[in-house]
Amino acid sequence: MSAPDKNELLAQAVRLREQGHPEQARERLLSLTADYPDAVDVAYHTAWVHDVLGLEAEAVPYYERCLQGDALREEDRRGALLGLGSTYRVLGRFGQAVETLRRGVAEFPDDGALRTFLSMALFNTGEHHEAMQILLRLVAETSGSPGVQRYRTAIEHYATDLNETM
């Protein structure tokens, strides 16, 4: 019987995380990272498990590694940009959070989660006007609330300039 390959070992570690065993997943992922230091998918899941465990500072280098180049699958790249931006924000590195999340929104403009986290980071940097613009547009576009939809045109209008009173 042959030894499991990288993809099989990675899948096992991801399952451990998903099943509520993040410490065990972390141990396996750190071992995989040592064996496959250039594997962006391993770096991504290693970052993720560190975030799950509240080890944000330890997650950063793995997020940064997995985002170098364009080898990461699209959905994982989206998650890594959100994860890194959010992690920077949690660590108080607000400028880096904004930069990372802007890059995410540029690559994935329809992703409401990226836009939401960008608005939070913008709030933290004192860019309240832009933060509100993003959130108001997101609410107008995505809300299923009949009241919001009834006033969608007004909400979108005010999103461009909150100081205007019509």
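The values are calculated or read from the model by the stated rules, or taken from the named source; none is laboratory data. Everything quoted here is computed from the prediction, not taken from an experiment. Please note: Cβ atoms are built from the backbone with ideal geometry, for glycine as well, and neighbour counts cover all protein chains shown.
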Search the stretch 74-85 for residues that are more than 13 Å from Val40 (Cα to Cα) and outside the structural domain of Val60 (by TED's automatic domain parsing) and pair each with any residue that is of a type in the set (Lys, Arg) and buried (at least 19 other Cβ atoms within 10 Å of the Cβ) when their beta-carbon atoms are under 9 Å apart and the residues are at least 6 apart or on different chains. none
Residues of the stretch 65-85 being of a type in the set (A, V, I, L, M, F, W, C), farther than 19 Å from Arg17 by Cα and surrounded by 17 or more Cβ atoms within 10 Å (Cβ to Cβ), in sequence order, are Leu67, Leu72, Leu81
Being in contact with an Asp or Glu (Cβ under 8 Å, 6 or more places away or on another chain), in contact (Cβ under 8 Å) with a residue 24 or more places away in the chain and not assigned by TED's automatic domain parsing to the domain that holds Val60 narrows it down to one of Leu118, Leu122, Leu138, Leu114, so name that one. Leu122
Here are the criteria: (1) surrounded by fewer than 15 Cβ atoms within 10 Å (Cβ to Cβ); (2) within 23 Å of Gly79 (Cβ to Cβ); (3) among the charged types (D, E, K, R). Tell me which single one Arg137 does not satisfy. (1)
In the stretch 1-39, anything hydroxyl-bearing (Ser, Thr, Tyr), without any contact (Cβ under 8 Å) to a residue 24 or more places away in the chain and part of a helix (DSSP H, G or I) is listed as Ser31
So if I check each of Tyr88, Tyr62, which one is of a type in the set (Ser, Thr, Tyr), crowded, with 17+ Cβ neighbours inside 10 Å and within 21 Å of Asn7 (Cβ to Cβ)? Tyr62
Name the residue that is nearest to Gly112 (Cα to Cα), counting only residues in the stretch 142-166 that are surrounded by fewer than 15 Cβ atoms within 10 Å (Cβ to Cβ) and touching a residue at least 24 places away in the same chain (Cβ under 8 Å). Thr142
Go over the candidates Val105, Val42, Val49 one by one and state the one that is surrounded by 15 or more Cβ atoms within 10 Å (Cβ to Cβ), in the same structural domain as Leu138 (by TED's automatic domain parsing), among the β-branched types (Val, Ile, Thr) and in a helix (DSSP H, G or I). Val105
Is there a residue in the stretch 153-164 that is in a helix (DSSP H, G or I), under 21 Å from the mean Cα position of the chain (by Cα) and either within 25 Å of Val42 (Cα to Cα) or at pLDDT below 95 (or both)? no
Does Thr125 satisfy being at pLDDT 95 or above and surrounded by fewer than 16 Cβ atoms within 10 Å (Cβ to Cβ)? yes
